[in-house]
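Here is the structure we will look at, set down as structure tokens.
The values are calculated or read from the model by the stated rules, or taken from the named source; none is laboratory data. Keep in mind that this is a model prediction, so the values were computed, not measured. Note that we place each Cβ from the backbone using ideal geometry, even for glycine, and neighbour counts take in every protein chain shown. All accessible areas refer to the heavy atoms of the entire protein, side chains included, with ligands and DNA or RNA removed. Shrake-Rupley method; radii C 1.70, N 1.55, O 1.52, S 1.80 Å.
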Amino acid sequence: MTTAITPPTHDPTSPIPERFFELLQETWGFDSLRPSQQAAIASILESRDTLVIMPTGGGKSLCYQAPAVFRGGLTIVVSPLLALMKDQVDSLIQVGVPAIRIDSTLSAAEKRETAQQIRSGNVRLLFVSPERLANQDFIRFLEGNEVHTIAIDEAHCVSQWGHDFRPEYRQLRALRKSFPKAAMHAFTATATEKVRLDIIDQLGLNSPRVLVSSFDRPNLTYRVLPQVDLQDQIREVCERHRGSGGIVYCLRRNDVEMVTEYLQRKGFSAVGYHAGMSHDERKRAQDAFLSESVDVVVATVAFGMGIDRSNVRFVVHASVPKSIEHYQQETGRAGRDGLPAECVLLHSVGDVMTLKKITEGSLREANASEDIIASARNQIEEMSRYCRTPLCRHRALVEYFGQSYGSPSCGACDVCLGDTDEVPDAKTIAQKILSCVFRVQERFGVNHVVDVLLGSKTQNVIQRGHDKLSTHGLLRDISKAQLRDWVYQLIGQGALELDGSEYPILKLNAVSRTILFGDAEPRLIRTATTAKERKQAITSEAAQFSDTGLFEKLRILRRRMAQEQNVPPFVVFSDSVLIEMSAYRPSTLDRMLNVSGIGKVKLNSYGSIFLETIREHCQESSVAMDVEWKKSTGTNAVPSRPVRSSSTSKKNVTIPMLRQGCTLAEIAAAAEITSGTVVSHLLELMQVESIPSIDGWVPVELQQKIIAAADAVGREKLKPIYEHLQQSVDYEQIRLVLSFEKQQLAT
Ligand code: ADP
Ligand code: ZN
């Protein structure tokens, strides 16, 4: 297998020519690239095989679209879904880029016409489905053209370790053979190392540059709450986002139907979507959502692949997802436009059990091996633990994917926002719970232990004499739901084990004993804020200035324009463009060009008509136009990403100091950031530059300890290493040592 990391020989932040940025401004109306896009585009412009790993919404498509236009000639893009291809081609045509797609839906005449256009040399991007590549005639036709770049979208589909394996993707090797000189670039949002290596192997990428961006989605607010009144909790989220697009995920068809009806009764525009509906019904639901004639889709997880609506403002999980990867992917559908969005996960023990049962059943039906079944069960368990662990959600997710999280608090999750309170006497409560588990001789499940602690006199309790135990009634002042939740929080922290799958039993472990002996401090939380106080954690800079009345008018206009051309509204303009328009309220076409996301062609197509609505509105409501709400330099950095831009400026301080070998503490003080953030900058630097030694940052002895632990428990994930070292080292240190080791191995 080809190894993944080869250190590049230059600084990838510089080699993009000025002319490229002019093109970006003229065509897309963007005047800057995001840092991860910069690295990817630099590599692509060099014609070096590249694997780009970026979370959903990170801006992958621009990475192959803009270089394709900049370099001229023909770029082939392989994309797994017709809907995705169509949206991309429509979007490109909207900005004046000659793009075309070939798939099974074209008639023979259309295919001929398309072939002619390609031959004429005027097409920059050709989108094809992987199925087409099995067709020899088609391959021969392609070979008649000069193809310099092949981009593979959703590249994880090539790997059977990925969540969307598609056998057709295996045909892609044929492309490689037909165009041995073309550079191949693969794009995915999948985080696991195994899938990454498999992509490189399966596609035959040639010493690729592997670029991994941060998995954090700073514009998402995560909330993870126990189910209390499920329907009402769902309604509450929909209420907070009334009029905006959202997805509610349910476990079963019945739930989909019930929740849809309920939301409709409460006056929401909602449709259901599940596998039991006919193909046509499903298509209608999906189209309604995409065209924004419906706000909320209530769906089983079957809904999502190919949903490219960029302005989804909320995702609710009315049940626990199958794995943390699934959760990341499903919540990833929110806020793809980079604007704030909210993800709420409502969990319950019952759901976890049902999910395990359903998953196991369907795996057995498919004759899956015991290994696979155990691994699926494990993943559900991990997900359930995530729900119950009162740690910053952004941090937990990022660390799950093996990255480090810079700041101590995200300001955008239930834990950091203080939706929940620390329970002050957590230690005593935990000891009572654990000692009750001990008293019932580690032979009973959660319900029974909770019953005993509450002092219940159920038949079960009395029959076994458990009403005579010293722990009977020890926590009788606590509500049942709260107590159950705390038991699960202890399990989530590894302070209690749940053993067995059918009727799981509570067992003590080493951690429980340290808590019982008073040597460890467990954490327990309870919900603090009421539903009404919960609000969107992050609002974009532009949104604060935007005139909501105008925004609504512009949205209606956008929908009309989209309908006329039979494209989804976000293809006309993204929400961020409308928000900026209604904040800035430009009075001339020239000024309208200042809005990020409006290039020349779109200005020509839509400028005047949007200007008219803006003028009319401003006259009617006597509001000012040409509001200078942003820096007058004309920089159009995406306003919703202040986190990114400020971190770039910090890097101007940290990177040179790192190169000089200053200590983490010195750098942290100079840049006024935490040393964790300094480490994350160092890790980024190591991706692009080889570092001679890390001895100044991690003592040699500690490095050896970490390596030994990694040898013992493997390098796939950081958590086992962290645990193996009894949580005595930081994740950042582990990550640093492993990255350095990898760099050493690659050179
Ligand atoms: P992905 O494919 O990685 O999920 P997309 O390519 O759909 O992400 O991009 C997400 C959003 O970000 C789109 O609305 C796109 O227009 C916007 N975007 C991408 N790059 C930039 C940029 N450099 N400046 C401003 N907006 C951008
Ligand atoms: Zn947080």
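What 222 nm value per residue comes from the helices of the chain, counting each DSSP H run with n ≥ 4 as -39,500 (n - 2.57) and dividing by all residues, nearest 500 deg cm²/dmol? All intermediate terms of the calculation are to be shown ahead of the outcome.
Working: 32 runs with 355 residues, N = 747.
Rounded to the nearest 500, the figure is -14500 deg cm²/dmol.
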What the 20 Å binned alpha carbon P(r) of the chain shows, as percent of pairs per bin from 0, is 15, 47, 32, 6, 0
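How much net charge surrounds Pro80 when only the other residues with a Cβ under 9 Å from the Cβ of Pro80 are counted, with Lys and Arg +1 and Asp and Glu -1? Display every interim value, and only then the final one.
Numbers: positive: Arg166; negative: Asp153, Glu154, Asp164, Glu168.
After counting each charged neighbour, the total is -3.
Can you pull the percent of segment 424-523's accessible area that's carbon plus sulfur, 1.4 Å probe, other chains left in place? Each step should come with its number before you reach the end.
Details: 2440 of 5120 Å².
Roughly 48 percent of what the probe reaches on segment 424-523 is carbon or sulfur.
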Rounded to whole Å², per residue accessible area for segment 220-421 with a 1.4 Å probe reads 37 Å²
Counting only protein heavy atoms and a 1.4 Å probe, tell me what percentage of segment 545-621's accessible area is made up of carbon and sulfur.
47 percent
For the chain, take the longest principal axis of its alpha carbons; what is the angle in degrees between that and the long axis of helix 60-71, to the nearest 10 within 0 to 90?
20 degrees
Using only the alpha-carbon atoms of segment 554-607 as identical scatterers, what base-10 log of I(q)/I(0) does the Debye formula give at q = 0.13, 0.17, 0.30, 0.32 Å⁻¹?
-0.28, -0.48, -1.34, -1.41
Inter-site label distance for Thr527 and Asp201 at 7 Å from Cα along Cβ, in nm
4.6 nm
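Taking R0 as 22 Å, what FRET efficiency do you get between Ala520 and Arg443 from their Cβ-Cβ distance, rounded to the nearest 0.05? Intermediate results must be reported in sequence, preceding the final value.
Numbers: r = 24 Å, r/R0 = 1.11.
The calculated FRET efficiency here is 0.35.
Can you order the peptides 737-744, 336-343 by their average number of other Cβ atoms within 10 Å per residue, highest first?
Details: 737-744: 17.6, 336-343: 24.2.
Put in order of decreasing packing, that is 336-343, 737-744.
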If amide H atoms are modeled at 1.01 Å from N in the peptide plane, then the residues at a separation of 5 or more from Leu51, or on another chain, having amide H under 5 Å from its own are Ala186, Arg209, Val210, Leu211
Rg ratio (alpha-carbon, reference 2.2 N^0.38 Å) - segment 424-523:
0.98
SASA check, Arg559, accessible area w/ 1.4 Å probe, all protein chains in place, rounded to nearest 10 Å², comes out at 70 Å²
Share of segment 220-421's accessible area from carbon and sulfur, percent, 1.4 Å?
49 percent
In nm, spacing of pseudo-spin labels at Arg513 and Lys480 (7 Å Cα→C-beta vector)
3.5 nm
Could you give log10 I(q)/I(0) at q = 0.09, 0.15 Å⁻¹ for segment 220-421, computed by the Debye formula over C-alpha point scatterers of equal weight, without solvent?
-0.34, -0.96
Between Arg559 and Glu666, what is the spin-label point distance in nm, taking each point 7 Å from the Cα along the Cα→C-beta axis?
6.0 nm
Sort the following peptides by mean Cβ neighbour count (other Cβ atoms within 10 Å, averaged over residues), highest first: 454-465, 324-335, 119-130, 144-155.
324-335, 144-155, 119-130, 454-465
Under 17 Å from a point placed 7 Å out from the Cα of Thr354 along the Cα-to-Cβ direction: which residues of segment 251-266 have their backbone N that close?
251-263
Per residue, how much accessible area does segment 33-212 show when a 1.4 Å probe rolls over the protein heavy atoms, in square angstrom?
36 Å²
Out of Gly57, Ser587, Leu496, whose Cα points farthest toward the positive end of the dipole of the chain (charges: +1 Lys, Arg; -1 Asp, Glu; placed on Cβ)?
Leu496
Quick check: Cα centre of segment 334-359 to Cα centre of segment 704-747, how many Å?
30 Å
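Give the ranking of Arg71, Arg395 by solvent-accessible surface, highest area first, calculated with a 1.4 Å probe.
Descending order: Arg71, Arg395.
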Over segment 647-746, average the accessible area per residue using a 1.4 Å probe and give it in Å², no decimals.
52 Å²
Ratio of segment 647-746's C-alpha Rg to 2.2 N^0.38 Å, to two decimals?
1.07
Folded to 0 to 90 degrees: helix 108-119 orientation relative to the chain principal axis, Cα:
70 degrees
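Placing unit charges on C-beta atoms (Lys and Arg positive, Asp and Glu negative, everything else neutral), compute the dipole magnitude of the chain about its Cα centre in debye, rounded to 20.
On the way: 87 positive and 89 negative charges, 122 e Å.
Computed charge dipole of the chain: roughly 580 debye.
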Can you give me the P(r) profile for segment 103-224? Cα pairs, bins 10 angstrom wide beginning at 0, each as a whole percent.
11, 38, 30, 16, 5, 1
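Could you size up the charge dipole of segment 647-746 around its Cα centre, putting +1 on the beta carbon of Lys and Arg and -1 on that of Asp and Glu, and report it in debye to the nearest 20? Each step should come with its number before you reach the end.
Values: 9 positive and 12 negative charges, 43 e Å.
With only Lys, Arg, Asp and Glu charged at Cβ, the dipole is about 200 debye.
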Computed over the chain: longest principal axis from alpha-carbon atoms vs helix 426-439 long axis, angle to nearest 10 degrees, is 60 degrees
